Each structure stands twice: as C-alpha cells, then as structure tokens.
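The values are calculated or read from the model by the stated rules, or taken from the named source; none is laboratory data. Just so it is clear, the model here is predicted, and its values are computed rather than measured. A quick note on method: Cβ atoms are made from the backbone with ideal geometry, for glycine too, and the neighbour counts reach across all protein chains shown.
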Amino acid sequence: MKTLKVLSALLTYPSAELIAAMGELASVLDHEKLLPAKERAGLQALLDDLAHGDLIEAQERFILLFDRTRALSLHLFEHVHGESRDRGQAMVDLIRVYEEGGFTPTTKELPDFVPLFLEYAATRQPAEAIELIGQPAHVFAALGERLAKRASPYAVVFASLLALAKAKPDKETLARLLAEPDPEPDDLAALDAAWEEEEVLFGPGAASEDCGIDSLAAKLRQARRPAPGLEPVPGSGPRTVISSPSAPRT
C-alpha cells in the first residue's frame, strides 16, 4: 500500500528531495486509486502547493504547525500520555513491535512519530494496515479538525487516513481530545501553558484505551514477518512494501 508511504512523506519536514518527488508521489496516488475523489483532490492541492511554493516558507509553516504546538504534535502518544511515565513505556513497547515486525527505521525519530508509524503500517498486509491506521483514528481526526480550523492544506492528509481506514471516531472521545488547549503558534504564553498540561485522560485509569493506542500496540505485536524490500519514493523514508492480505507468511 504505497499510498501510506505517500501520506508518510507528506508529513515529513519539507526538503528539496521531497519537493523533487512531488510528481512521483502524485503518480503513486493515481496508480493505486485507494482514496475518494475529494481526498485525492485535496492531496493534489497540497502536492502542488509544495511543488510550486517557496521551500523556506514551506519549512517555516511546517515548524509553526507541528513543532511549536502540542495540539498538533505528530507524536501519537503526546495526545494520550503527555509527559507521563506511561509514555516512556509505550515507546519501549512500540519499538519492540517494530523490531518484531522486521521493521528497521532509518530515521532517529521517536517511534510514535506519525510518519514513522505510517511507514510501519505500509509494511503490513492491506487488511492489517487498514486496521492499524484505524486504531489511533481519534488522534487523526483531532489533528485533521485542528488543521482544518487553520485552513491548512495538511488537513487532507488526516482526512485521507480516516478515509482509508473507514474509521468513524467516537464523538465523545473526539470531543475530549478537541477540548484540550489549542493555542496559535505565535501565542507564546498559551503555548507554555499548554505544554505544562498533564497527560490527557479519557476515563478512570484508561487514558490510552479510549484512543485505541494500547489496543493498537497489542495488535501490532501480532505482526512479525519482515517485508521484502522495495525501492522507496525519494524522500519517503525506509524501504517498505505490503503484501497480499491472503498471502501466507513465510
């Protein structure tokens, strides 16, 4: 499922190599035809924006969106565990999951980094990949809504993930996520306050369960087969491929 690799690439820091690959990324989406027309059109708009815009401006926009605001963090566990000890253990568990799945990241990002998670999902069989990206659907939906509120072209990436997973997040859980502070990147006082918030909780002792993160980790542990290599789209990260859902593991 190379479409997941494209979505992963689009959520990485814009680079000259990534910009040069815009045409190839579009070709992958056109070839697989996994996304509805609305999401495909939105992704093309993002691809065009990156391809024809100023690289420095694109990089600055990326930093303001994803690196300065906790509400838009591209680290899954940030939205569930915050800075609690549980996050550290969740990281360890997820690293083990990647190792057991034969996935060796080529980046130094934390394991819950969304582009890295999507790279891993792209190595699984299609049915499993779809199930995996559906597990953190509440986080993806919250990120998408916050980006849409800012009229950011990146919102379509998360809309595409939800469309692929055919996921409909629980309204109550999503509302709790969206109720968290969501300051603008230039509001320094609000940003400081947001980063000092305790971890998000969704019920007594069940912070991660409601968002599907612990369930995700448990299901990820079922994946143990290394994927065969595939030349990656330039700028898209580790070499991964997904095999037929009905193919036996060898």
Members of segment 50-76 found to be modelled with pLDDT of 85 or more, touching a helix residue (DSSP H, G or I) at 6+ places or on another chain (Cβ under 8 Å) and in a helix (DSSP H, G or I), listed by number: LEU50, ALA51, LEU55, ALA58, LEU65, PHE66, ALA71, LEU72, LEU76
Tabulated pairs, segment 145-169, first under 18 Å from ASP49 (Cα atoms), second of a type in the set (Gly, Ala, Ser) and crowded, with 20+ Cβ neighbours inside 10 Å, C-beta under 6 angstrom, 6+ apart or interchain: ALA155/GLY144; PHE158/GLY144; ALA159/GLY144
Matching entry among SER15, SER73, SER8 (being farther than 29 Å from THR173 by Cα, of a type outside the set (A, V, I, L, M) and surrounded by 13 or more Cβ atoms within 10 Å (Cβ to Cβ)): SER15
Filter pass, ALA148 being closer than 27 Å to GLN44 by Cα and either at pLDDT 90 or above or not charged (D, E, K, R) (or both): yes
The lone exception for ALA37 - which of (1) of a type in the set (A, V, I, L, M, F, W, C); (2) under 26 Å from ALA21 (Cβ atoms); (3) touching a residue at least 24 places away in the same chain (Cβ under 8 Å) it fails: (3)
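Taking the condition touching a strand residue (DSSP E or B) at 6+ places or on another chain (Cβ under 8 Å) and closer than 19 Å to GLY42 by Cβ, does VAL156 pass? Show your work before the answer.
Numbers: touching a strand residue (DSSP E or B) at 6+ places or on another chain (Cβ under 8 Å): no; closer than 19 Å to GLY42 by Cβ: yes.
Spelling it out, it is not the case that VAL156 is touching a strand residue (DSSP E or B) at 6+ places or on another chain (Cβ under 8 Å) and closer than 19 Å to GLY42 by Cβ.
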Selection from segment 152-177 of residues that are modelled with pLDDT of 95 or more and farther than 18 Å from LEU7 by Cβ: none
Meets criteria (in a loop (DSSP other than H, G, I, E, B), out of contact with any His (no Cβ under 7 Å at 6 or more places or on another chain) and not β-branched (Val, Ile, Thr)) for LEU29: no
Set ALA189, ALA129: member being in contact with a helix residue (DSSP H, G or I) (Cβ under 7 Å, 6 or more places away or on another chain), more than 23 Å from ASP49 (Cβ to Cβ), in a helix (DSSP H, G or I) and at pLDDT 50 or above: ALA129
Counted residues, segment 132-145 - those being within 21 Å of GLY101 (Cβ to Cβ) and part of a helix (DSSP H, G or I): 6
Tally of residues being under 16 Å from ALA121 (Cβ atoms) and part of a helix (DSSP H, G or I) across segment 88-107: 6
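Looking at the structure I just gave you, is LEU64 within 17 Å of the chain's Cα centre (by Cα) and closer than 21 Å to VAL157 by Cα?
No; evaluated as a whole, the condition is false for this residue.
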Residue in segment 58-77 that is under 25 Å from ILE130 (Cβ atoms) and of a type outside the set (A, V, I, L, M, F, W, C) present: yes
Enumeration of residues in segment 116-171 that are basic (Lys, Arg) and either within 19 Å of ALA9 (Cα to Cα) or buried (at least 24 other Cβ atoms within 10 Å of the Cβ) (or both): ARG124
Boolean, ALA41 is in contact with a Gly (Cβ under 7 Å, 6 or more places away or on another chain) and of a type in the set (A, V, I, L, M): no
